[in-house]
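Here the structure is laid out as C-alpha cells; the discussion comes afterwards.
The values are calculated or read from the model by the stated rules, or taken from the named source; none is laboratory data. What you see is a predicted model, and the numbers here were worked out from it, not measured in a lab. Backbone-built Cβ (ideal geometry, glycine too); neighbour counts: all protein chains shown. With ligands, DNA and RNA removed, areas are computed over all heavy atoms of the protein, side chains included. Shrake-Rupley method; radii C 1.70, N 1.55, O 1.52, S 1.80 Å.
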Amino acid sequence: MVRIRVLVVDDHRIFAESLAAALAAEPDVEVSAAGSGPAALRCLDRAAAEGRRYDVLLVDADLGSSASALQGVRPAVPVHDGQADGLVDGISLVAGVRSGQPAVRTVVLAEKDDPRRAALALGAGASGWVAKDCSLSRLLTVIRGVLRDETHLPPALLTGVLRELTAARKHRTESERLVESLTPREREVLRCMVAGLGRKAVAERLFLSPHTVRTHMQNVLGKLGVHSTLAAVALARRAGVGPADLAGDVVERGGQLA
C-alpha cells in the first residue's frame, strides 16, 4: 500500500495531537506533527535527507499566534518544538516550502473564512484552504485531491478569492508599468533600496556621489508616484523587483557593469 505522508503544523498542541491521531487511524496515511514553522522546516529537511519526503503539509493559518501553546504535558503524537528558532507564520511557511520542496503540497487550515488571506496563501503556493472544523472525510478528500494537483477552496470563499486575485494582478500590472518607466540606473538604485541600503551605501556600491544617488532616489519616488522609500519598496516587490545581490561583486561603474 502506498502511504501518504502528512505533516501537521500547528502551535496549538491539543489540536495538533487530535488531528494527527485522527489521520493516523487511516490505513494509508502516515502522520507527524510539528509545533512551529522552524520545526516543520527541520522535519522536511530531515525527511528529504532520509529519502522519505512528506507528501502534504497541513498548516495552521494562524501559526505563531500562540506563544505558549507548546507548554504542557507530553503529547501522544510528538510535536517537535521549534520556538527557539523564532516564529514563522503560516503563509511564510507555505512560500518557503513551495520554494524549497515544490513537490510537497500544502493545505492551510483556518478558523474562519478570509478571502484576502486565502488569496495570499494560494499566491504563496498553497493547494487548498480548509476550515479547521471540517469533517475528517472532507479533509481526507482534500489531501488526496491536492496530490492529484487539484486546488480546493470552500465554495463560499471562491468569489472573494477570485476578486482578491484579480485585484492583486491589477496592482501588479500597474506596478510593473511604473517600474518599466525607470531608467536602467534608476532600476538599479531601486533594487538597492529593496535590499535595504541607505543613500551612502548605494553611492559606494554604484560608485556615485551621495548627491547623485539622492537625485536618483527622488526620481524613483516621483516616477513611481510614492512619497517614501518604504512605499517604493512595497511597489517594487509587487512588480517582482528583487533586491540587489549584496554578496556578489557585480556593480555598475560609469554606466557599465564591472
* **Positions within segment 179-193 being open to solvent by less than 30 Å² (accessible area, probe 1.4 Å) and in a helix (DSSP H, G or I), in sequence order** => V179, E186, E188, V189, L190, C192, M193
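Specify which of the listed residues (A20, A84, A69) is at pLDDT below 85 and not in a loop (DSSP other than H, G, I, E, B).
Numbers: A20 fails: at pLDDT below 85; A69 fails: not in a loop (DSSP other than H, G, I, E, B).
The match here is A84.
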* Hey, can you tell me all the residues within segment 140-159 that are part of a helix (DSSP H, G or I) and out of contact with any Ser or Thr (no Cβ under 6 Å at 6 or more places or on another chain)? => L140, T141, V142, I143, R144, G145, P155, A156, L157, L158, T159
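Can you name the residue in segment 1-55 that is among the hydroxyl-bearing types (S, T, Y) and closer than 19 Å to V142 by Cβ and is also surrounded by the most Cβ atoms within 10 Å (Cβ to Cβ) among such residues?
Our first condition is that a residue be among the hydroxyl-bearing types (S, T, Y); within segment 1-55, this holds for 18, 32, 36, 54.
If we keep only those that are closer than 19 Å to V142 by Cβ as well, we get 18, 32, 54.
On the way: S18: 16, S32: 20, Y54: 23.
Ranking the candidates gives Y54 first.
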* To do: Inspect all residues belonging to segment 39-47 and state whether any of them is under 21 Å from E111 (Cα atoms) and not in a strand (DSSP E or B).
  => yes
* Restricting attention to segment 157-167, does a residue exist that is modelled with pLDDT under 90, among the polar types (S, T, N, Q) and under 30 Å from K112 (Cβ atoms)? -> yes
* **One residue from P155, P210 being open to solvent by 80 Å² or more (accessible area, probe 1.4 Å) and of a type outside the set (V, I, T)** => P155
* Tell me which of these G196 doesn't satisfy, since it passes every other one: (1) assigned to a helix (DSSP H, G or I); (2) farther than 30 Å from D113 by Cα; (3) open to solvent by 30 Å² or more (accessible area, probe 1.4 Å). => (1)
* Residue, least open to solvent (accessible area, probe 1.4 Å), within segment 103-125, restricted to residues that are at pLDDT 90 or above and assigned to a loop (DSSP other than H, G, I, E, B) -> V104
* Taking segment 135-150 only, how many residues are closer than 17 Å to G90 by Cβ and open to solvent by 40 Å² or more (accessible area, probe 1.4 Å)? -> 0
* What is the one condition in (1) at pLDDT below 90; (2) surrounded by 14 or more Cβ atoms within 10 Å (Cβ to Cβ); (3) outside any loop (DSSP other than H, G, I, E, B); (4) hydrophobic (A, V, I, L, M, F, W, C) that A231 does not satisfy? -> (2)
* Asked: Can you pull out the residues in segment 185-222 that are closer than 20 Å to A236 by Cα, of a type in the set (V, I, T) and at pLDDT 90 or above?
  -> V189, V202, V213, T215, V220
